[in-house]
1. Looking at the range 99-121 only, could you name the residues that are among the charged types (D, E, K, R) and either within 18 Å of SER73 (Cβ to Cβ) or not in a loop (DSSP other than H, G, I, E, B) (or both)?
2. Looking at the range 140-153, is at least one residue at pLDDT 85 or above, open to solvent by less than 30 Å² (accessible area, probe 1.4 Å) and over 20 Å from LYS76 (Cβ atoms)?
3. Looking for something modelled with pLDDT of 90 or more, open to solvent by less than 10 Å² (accessible area, probe 1.4 Å), in contact with a Leu (Cβ under 9 Å, 6 or more places away or on another chain) and of a type in the set (Phe, Trp, Tyr) - is there at least one such residue anywhere in the range 115-122?
Amino acid sequence: MSKAKLSINVKPGNILCTFDKKESNDIENRWLNIFCKKKQGLNTKDYKWHIFSGNGYPSLEDEEARKEYSKHSASKYIVMGNDQELAVLTDQRPEEASLCDYYVFPENMAWTMAFTHEDGWLGPYFAKHPNYEALMKESDTGAEKERQKEMARIKGWC
């Protein structure tokens, strides 16, 4: 019996890269090391978002989380499933994905949005990295450099 290829569909946006299982596992471990350090007794093995619902990491919930998420942008976003099986890179901030439980964050993990299968009862959740301010400043600087490069290309300077 062959194993079906796993995939994630996101809206809006285009999938730029599908990470293999090892890369997805590495991404998840980086995420866990930031957002799930205090996971004792919170059953994050089944659902990583339990770190937020169990108050193990500070986060905004429901409409507050959605509002904060809508204010954040990045040049690329990682969409990660709840297990170590799959993660993708996309070019637009997803509003939905073809998974029950998934996490969206920029490549530098300055923040994360956790969408849950319990949406409206538990979640979604929005949380910031402990070094959020520095990471956002770094991200803004990088985005400005990319805009300047694009303008130079359009004007034929390079």
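The values are calculated or read from the model by the stated rules, or taken from the named source; none is laboratory data. All values derive from a computational prediction rather than experimental measurement. Reconstructed Cβ throughout: ideal geometry from the backbone, glycine too, with neighbour counts over all protein chains shown. The area values use the complete protein model at the heavy-atom level, side chains included, leaving out ligands, DNA and RNA. Shrake-Rupley method; radii C 1.70, N 1.55, O 1.52, S 1.80 Å.
1. Within the range 99-121, just GLU107 meets the criteria.
2. Narrowing the range 140-153 to residues at pLDDT 85 or above: none.
So far as the range 140-153 goes, no, none of its residues is at pLDDT 85 or above, open to solvent by less than 30 Å² (accessible area, probe 1.4 Å) and over 20 Å from LYS76 (Cβ atoms).
3. no
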